[in-house]
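A quick write-up on the structure given underneath.
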Amino acid sequence: MKKRLGIWLSALLTGLCLLAPPAGAQPGPNPGPAYSAIGQPQPTDDPARIEVIEFFSYACPHCNDLNPLIHEWAGNLPRDVYFRRVPVGFNPFYQLMSRLFYTLDTTGDVGRLDGALFAAIHEQRLKLISEKSIADWAVSQGVDARRFSEAWNSFSVDSKMKRAEQIARAYKIDSVPAIVVDGRYLVKAHTLQELPDLTDQVIEMRRAERKARPAAQK
């Protein structure tokens, strides 16, 4: 019990240190560009479209605040843009949440329980800090216990977590939420409310770049 509590407190304190507002700037008008360039552009899953990645964690209070905004935004994307989410594993609690994301994705419940999971952690203050407490919560939300256990312990979920860690390292993500456009630009904002509109601006810029460049350079 003490060990679990220690993980929880360590995760909380680490989160408070890591989770600065996007771009880590002071509130006020944004005088600079809406983005910073990724040092080494990364490949995307579908080169024919513009990819937007949200790096996040269910443990992150800023991600919790952004979640309804980003879901509303993602529901109105044009056809040439697609959105995906990559959980980060900054510490043991974040790693548990990453495993939970991919487990619920495997069971087909991530969309249904996404908001409920944020609420469980940040509003209800449930201590989802072990496989048992997490599984009990999932089952209470209607997830089949056997399917959940099989997915949680699966090679597929292990592989997806490792891949997520590799992607976050490649982009040098050290705080969340973080939005990256087409493997090339990190969106910079002073407030969470700005992020969707600024992401649209960076998407439009990237769309123009794609049209201006030969296919071999896209």
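Quick note: the coordinates plus some simple rules give every number you see, no bench work behind them. Since the structure is predicted, the reported quantities are computational estimates derived from the model, not experimental observations. With ideal geometry, Cβ positions are generated from the backbone for all residues, glycine too; neighbour counts draw on all protein chains shown.
A few comments on the model shown:
- Classified by the C-alpha gyration tensor, region 31-217 has a prolate form. Its axis ratio a/c, with a ≥ b ≥ c, is 1.5 or above, and a/b is larger than b/c.
- Relative contact order of region 87-218, defined on C-alpha pairs under 8 angstrom at six or more residues apart (%): 20
- Under 13 Å from Lys127, Cα to Cα: aspartates and glutamates that are on another chain or at least 8 residues apart: Asp136
- Alpha-carbon spread of region 43-125, three principal axes, descending order, Å: 41, 24, 24
- One decimal place: the segment Arg125-Asn76 gains 14.5 nm when fully extended, by the rule 0.36 nm per residue minus the C-alpha distance.
- DSSP-loop trypsin sites (Lys or Arg not before Pro) across region 109-145, with at most 16 other Cβ within 10 angstrom: Arg125, Lys127
- For region 82-161, GluC sites (Glu not before Pro) meeting the loop criterion (DSSP other than H, G, I, E, B) and having at most 15 other Cβ atoms within 10 Å: Glu123.
- Which of Phe148, Phe155 has the fewest Cβ neighbours within 10 Å, and the rest in rising order: Phe155, Phe148
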